[in-house]
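A short write-up of the structure that comes next.
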Amino acid sequence: MRYPEGMALQNKFPILWDCFLQRINDALKATTQEELGRRLGVGKSAITKWRHGSTRGADLQDFLRYCDVLGIDFCGIINGTPTPTYSPSPFEIALAGVLESFLSVHNLTHEKAASSLWPETANGAAKLGRILTAKEPLTPEVLMQLCLLMEEDPGKLLRLARERVQPEGEQISGNAKSA
């Protein structure tokens, strides 16, 4: 891998780490540490330690997986040419989390759900995984197909996602949230 103007990987790590923490904080606007930890395959204490700066511990393979789940263009940042990536809103992140939870409740794996959504596609499970980790947009058509597959009311899922973004009883005044 070539580095622009001879920059070493260790000089790029602070940029990667800042991007990683920003994505963590953005994701936490729409979900809990427990749920985000489940998506990343870590406990909520790991997320707390990362956010508070008490550790940056992760081997490279795990860190690359975390970056992938969070939609961080690792290679682009290292090479100085990050590619534009899909940037979901907090509501989209929350809706993806709600759908992931409901698939689990209905005992539907990504493979099972994807084979119903896209029977002719070999990599449907990967596509569904990207949608459910909010790395790819969730279209209204796919939302409706998932709701039909699970026999769930789309309105119910949308309400649950809204509640995750703005919990019941919480009101927004100005730029600050207050209970």
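No lab work stands behind these numbers, since they all come straight from the coordinates. Owing to the predicted nature of the structure, the values given are computational and were not obtained by experimental measurement.
What to note about this one:
- Across the stretch 118-135, rounded Karplus estimates of 3J(HN,Hα) from the backbone phi angles (6.51 cos²θ - 1.76 cosθ + 1.60, θ = phi - 60°) give 10, x, 8, 9, 6, 9, x, 5, 5, 4, 5, x, 5, 5, 7, 9, 6, 9 Hz, Gly and Pro being marked x.
- Maximal additional length on extending the T32-L158 stretch stands at 43.6 nm, based on 0.36 nm per residue less the C-alpha distance.
- Our summary gives the stretch 48-152 a relative contact order of 25 percent, counting only alpha carbon pairs under 8 angstrom and 6 or more residues apart.
- Calculated Rg and Dmax of the stretch 12-60 using C-alpha coordinates, Å: 10.4, 29
- Each part gets one Cα centre, and for the stretch 109-143 versus the stretch 33-48 those centres are 23 Å apart.
- Distant-in-sequence amide H partners of E136 (H built 1.01 Å from N, under 5 Å): I131
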